[in-house]
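The values are calculated or read from the model by the stated rules, or taken from the named source; none is laboratory data. Nothing here was measured: the structure is a model prediction, and the numbers come from that model. No Cβ is skipped: glycine too gets one built from the backbone with ideal geometry, and neighbour counts run over all protein chains shown.
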Amino acid sequence: MPDSSLPPLAVVCRACGYPSAASVAGKITVEDEEEGVPFELSLIQCEHCESPSLIRQDEASEAAPVEVWPTSPRTLHAAIPQNIREGVTEARKCFEAGAFLATTVMVRRVLEGFSADHGVSHKKTLHRALQELVECDVIDARLLEWADGLRLLGNVGAHFTDEMVTKQDASDALDLIEAMLDYVYVFSAKFEQFKARRDEQATPKSRRLTRKLNSGTYLVVPASASWNRDLSCQTSDVRPMPG
Ligand SMILES: [Zn+2]
């Protein structure tokens, strides 16, 4: 039951797409563990379509509340620089409006921002900038292939030609750029933290480091093996463990 003591909120409901009033069923204040700033979580219900959602409002911020549940399938991680996230948001808006050429141009612009964020000069062509990112080990050959495909698609969007960009192309471009940003900014950072933690935990007595992969396969890697080595180099070390 909505708590009638809490005033309704004006929202643009994501479920029905209408500007609507939302009743507030309950509200709690939580302290952000990492940043130490309090924020409010409110469970609300759209008065138009009755869809529930959970929204977060930072107490100190004037910014609009953010829907935290149901989550968008494409919530970009905070580790991705804000100006790059904004570029992706713009690309999504283009896509949602059916502007598929414009989507690919925005995705290409995000690639430029990504290169600039890694110190690759704006003066170079994007093609050259992406190759330089491989030379600096920011991306690998596979990601270069993705990025170059997105660059070329963006060129189709940006230039007046007969070539078309389909809805599927634009949707794939969004998926690929987001996966790429996650890979570089989120998962690479997570893996570095994981490595550092594991290195710290390793004792001289443990001559071997045993890892369990998600697949249930066990890898036995000599403790002397560096995590910095490319995993593909360790295939000769892979042995299934009994049990
Ligand atoms: Zn609604």
Matching residues in region 19-51 (exposed (fewer than 14 other Cβ atoms within 10 Å of the Cβ) and near the ligand (Cβ under 9 Å from one of its atoms)) number 2
Could you list, in sequence order, all residues of region 10-43 that are of a type in the set (D, E, K, R), within 15 Å of residue 65 (Cα to Cα) and not in a strand (DSSP E or B)?
-> 14
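Report whether or not residue 149 is modelled with pLDDT of 90 or more, of a type outside the set (A, V, I, L, M, F, W, C), out of contact with any Asp or Glu (no Cβ under 8 Å at 6 or more places or on another chain) and assigned to a helix (DSSP H, G or I).
yes
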Look at region 144-193 and say how many of its residues are of a type in the set (Asp, Glu) and exposed (fewer than 14 other Cβ atoms within 10 Å of the Cβ).
-> 5
Go over the candidates 142, 128 one by one and state the one that is more than 14 Å from residue 183 (Cβ to Cβ), among the charged types (D, E, K, R) and assigned to a helix (DSSP H, G or I).
-> 128
Select, from 111, 76, the only residue that is part of a loop (DSSP other than H, G, I, E, B), more than 16 Å from the ligand (Cβ to nearest atom) and surrounded by 19 or more Cβ atoms within 10 Å (Cβ to Cβ).
-> 76
Has region 142-152 got any residue that is more than 27 Å from residue 100 (Cβ to Cβ) and in contact with a helix residue (DSSP H, G or I) (Cβ under 9 Å, 6 or more places away or on another chain)?
-> no
Sort through 114, 160, 100 and tell me the only one that's aromatic (Phe, Trp, Tyr) and out of contact with any helix residue (DSSP H, G or I) (no Cβ under 8 Å at 6 or more places or on another chain).
-> 160
Can you confirm whether region 111-127 contains a residue that is at pLDDT 90 or above, within 17 Å of the chain's Cα centre (by Cα) and of a type in the set (S, T, N, Q)?
-> yes
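Select from region 54-69 the residues that are farther than 20 Å from residue 5 by Cβ and within 15 Å of the ligand (Cβ to nearest atom) and write down the one among them that is surrounded by the fewest Cβ atoms within 10 Å (Cβ to Cβ). Walk me through how you get there before you give the answer.
If we filter region 54-69 for residues that are farther than 20 Å from residue 5 by Cβ, which is where we start, we get 56, 58, 60-64, 66-69.
Within this subset, residues satisfying the condition of being within 15 Å of the ligand (Cβ to nearest atom) are 67, 69.
Numbers: 67: 18, 69: 11.
That would be 69.
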